[in-house]
Structure formats: C-alpha cells, structure tokens
1. If I filter region B:123-144 down to residues being in a loop (DSSP other than H, G, I, E, B), over 22 Å from A:ALA15 (Cα atoms) and at the interface with another protein chain (Cβ under 7 Å from one of its Cβ atoms), which single residue comes out as least open to solvent (accessible area, probe 1.4 Å)?
2. Kindly indicate which of A:LEU84, A:LEU94 is farther than 30 Å from B:ARG148 by Cα and open to solvent by less than 30 Å² (accessible area, probe 1.4 Å).
3. Enumerate the helices (runs of 4 or more DSSP H) found wholly within region B:29-116, keeping only those where 2 or more residues are more than 13 Å from chain A (Cβ to nearest Cβ) and of a type in the set (S, T, N, Q).
4. Please enumerate the residues belonging to region A:52-81 that are among the hydrophobic types (A, V, I, L, M, F, W, C), touching a residue at least 24 places away in the same chain (Cβ under 8 Å) and open to solvent by less than 50 Å² (accessible area, probe 1.4 Å).
5. Please work out if A:GLU42 is without any contact (Cβ under 8 Å) to a residue 60 or more places away in the chain and surrounded by fewer than 18 Cβ atoms within 10 Å (Cβ to Cβ).
Amino acid sequence: MSVVIRRVVTPRIAAMINRASGVTEAEALARASARIEGLRAESLAALDVALEAAEQAGRADPADLDGLYDRASEVVELAGLYGLTGLGRAAYSLCDLADTLRAGGRTNAAAVAVHLEALRLLRHADDAVAAPILDGLKAVAARVRG
Amino acid sequence: MVVRRVDFEQAKALVVCSSQAGRDLMAQVLFGLGFGTVARCDSAGTAQAHCAAHLVDLVLCDGELPGTDGYDLIAWLRRSRLEPNSVAPVIMLSAHTPPSKVGKARDCGANFVVAKPVAPGVLLDRILWIAKEARPYITCKAYVGPERRFAEHGPASGERRQDRLAVAGLNEEAAA
C-alpha cells in the first residue's frame, strides 16, 4: 500500500497580500500594463522575427513540425498582447495543425502553406477582414483532422 | 467593494521560457505587479541550477522548453526536496492548450495553467487565488504537488479556455 502524505503549505506570497504597504490591485495592474506597452516596439520586432522564422521553416521543410509549432507559439503570445487578435488566432490554428500532424506522424505541406499565407495577410490586416480567413483555416484544420 | 493591496516587493519570482521576448514580457508584468526580484531562465537546466541556489516564491514556467520540457522541470522541482522552493506556487504557461497539455500540467504538480497571451489581470487573479487557496499538498509515490481534486476551481473572473479544460480534467479525475 502506498503512503500518501497530505499537508497544508502556505506560500510566502500569502503574507504579501492585504498589507498596509504596497499598492492597490488597480495600481499594480496599471503598472503592469504600462510595462507591456513599454515593450511594444521590441515585442513586435520579435513577432516579425518569429513570423519570418515560421515562413522559412515551412518553406524549407514543412515536415519540421516542432519548429513550426515553436514559432507559431511565439506569435500567439506576442500578437495577443498587442491587439493583433486575428493574427494570434491564426497562429493558434497553426499550433493546432502542427500538433495534430505530429501526433499522427503525418505531414501536410498544403495546409501548412495556407496557414503561413494567412499569417502574412493578418500581420497588417484589420481584424475586420480576419473572420473569413479564420473560417478558411478552420475548414482546413477540419479536413486535416478528418 | 474591498480594495486589496499587494506588496510583492520581497517576493522572488522565476520565469522560465525559451523565448527572450516571452521572458522579458513576463518579467516586466511581474515587475509591474510589484515583484522585487524576477530571475529569468531559458531552459530547464538553468532553472534547476537557479532553484538549487536561490529562494523562489513563484514560478512562471512555459510548458514548451528545449530538451527537458516545462512539465518535467516542475515534476523535478516537486520531488527535489529543495524546500521551500519545491512547494512554491507554479503557474504553467502555454500558447497552445489542448486537453492533453492541461492534463500534463496538472499531473506534473503545477497549481494552474494559464493560456498565453497572459493578461496582467489574469495573472494577478491566479496569484491571489493561489495565495489564499487552502489546497492540501500531496506527496505520494505517483505524484507530488497541490491536490488535484479540489472543490473550487479558481477565480470567478476572467475564466478562459484553459480553465474550463482544467476543470473538465479535474472532474474526470474525480469521477474516476
């Protein structure tokens, strides 16, 4: 019979809440948001590097699904924080696609290419035009999943 | 309405993420929330060395790391006996959150999974939740970490996809 030990652990950060010192939650959130905004230029530059790397990976070897997945993951994170919602969703779809393909030991160069094209279009597109593109990606993903 | 104050000036956080942009963003969010110290590591190996040498009060860890991934890193931390670091709150971050990954995060001993992009409000909600939750800490042969079956499933506000998945996973486990 295995032994199970249960105990109560109080994290140190528990004692850091509701102190008279410090800042209100609203102030903390405003400062955090300001810091994200302060990184806008660097983050969008990193986003473009990740997009370029994803394109190169997809062109050079559509079977390099780990590389595509990693680059698409970076795009999800950076696009979403800076209001590029459509781009973030397309990148999430590429993560899904790469994950589905590698789980099944498959490749699908056409589906990868469609996603990369969508990322390129959505980088500078208004989110209003994103809906039909995202619908198209959804249809591609559904076909790949079978 | 109660206005809570937070004072994380003495808190030491660790961000583990392979992408520099991701590390910088998470570190800046934590500094903005008031954390006094934020260490940044780009791999499981450097994070292990950091945990062995420095106090850590909160870990933000990306699930996808080169080599040893974030889930294995947290499983290692939980079994490391490096107290108090081994019982420190852990929030797993993931840009892609299929149910399989939420399950991996739960089983490695993380407290929460948060989907990227991580909005400051969502992160602060999770930190406050972890600080006040009374979830027992379990040590047994198969698992070390916060109890995986718990009655309350997290902050009411800002519920997102990964939370619903996490709850679904926990309910499945409870029913098993």
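1. So, considering only residues that are in a loop (DSSP other than H, G, I, E, B), over 22 Å from A:ALA15 (Cα atoms) and at the interface with another protein chain (Cβ under 7 Å from one of its Cβ atoms), the one least open to solvent (accessible area, probe 1.4 Å) is B:CYS140.
2. Within the list A:LEU84, A:LEU94, the selection yields A:LEU94.
3. Qualifying helices (runs of 4 or more DSSP H): B:44-53.
4. Residues of region A:52-81 that are among the hydrophobic types (A, V, I, L, M, F, W, C), as a first pass: A:53-54, A:57, A:60, A:63, A:65, A:68, A:72, A:75-76, A:78-79, A:81.
Filter once more, so that each one left must be touching a residue at least 24 places away in the same chain (Cβ under 8 Å): A:54, A:63, A:65, A:68, A:72, A:75, A:78-79, A:81.
A:ALA54, A:LEU65, A:LEU68, A:ALA72, A:VAL75, A:LEU78, A:ALA79, A:LEU81 - these are the residues of region A:52-81 that are among the hydrophobic types (A, V, I, L, M, F, W, C), touching a residue at least 24 places away in the same chain (Cβ under 8 Å) and open to solvent by less than 50 Å² (accessible area, probe 1.4 Å).
5. yes
Residues are listed down the side, and each one gets a yes or a no for (1) under 20 Å from A:LEU78 (Cα atoms); (2) open to solvent by 10 Å² or more (accessible area, probe 1.4 Å); (3) over 16 Å from the mean Cα position of the chain (by Cα); (4) of a type in the set (A, V, I, L, M):
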residue: B:ASP7; (1), (2), (3), (4): no, yes, yes, no
residue: B:GLY36; (1), (2), (3), (4): no, yes, yes, no
residue: B:ALA44; (1), (2), (3), (4): no, no, no, yes
residue: B:PRO66; (1), (2), (3), (4): yes, yes, yes, no
residue: B:GLY70; (1), (2), (3), (4): yes, no, no, no
residue: B:MET92; (1), (2), (3), (4): yes, no, no, yes
residue: B:LYS104; (1), (2), (3), (4): no, yes, no, no
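The values are calculated or read from the model by the stated rules, or taken from the named source; none is laboratory data. Here the structure is a predicted model, which is why all the values come from computation and not from measurement. Quick reminder, even Gly has a Cβ in these numbers, built from the backbone with ideal geometry, and neighbours come from all protein chains shown. We work out accessible area using only protein heavy atoms, side chains counted, and drop any ligands, DNA or RNA first. Shrake-Rupley method; radii C 1.70, N 1.55, O 1.52, S 1.80 Å.
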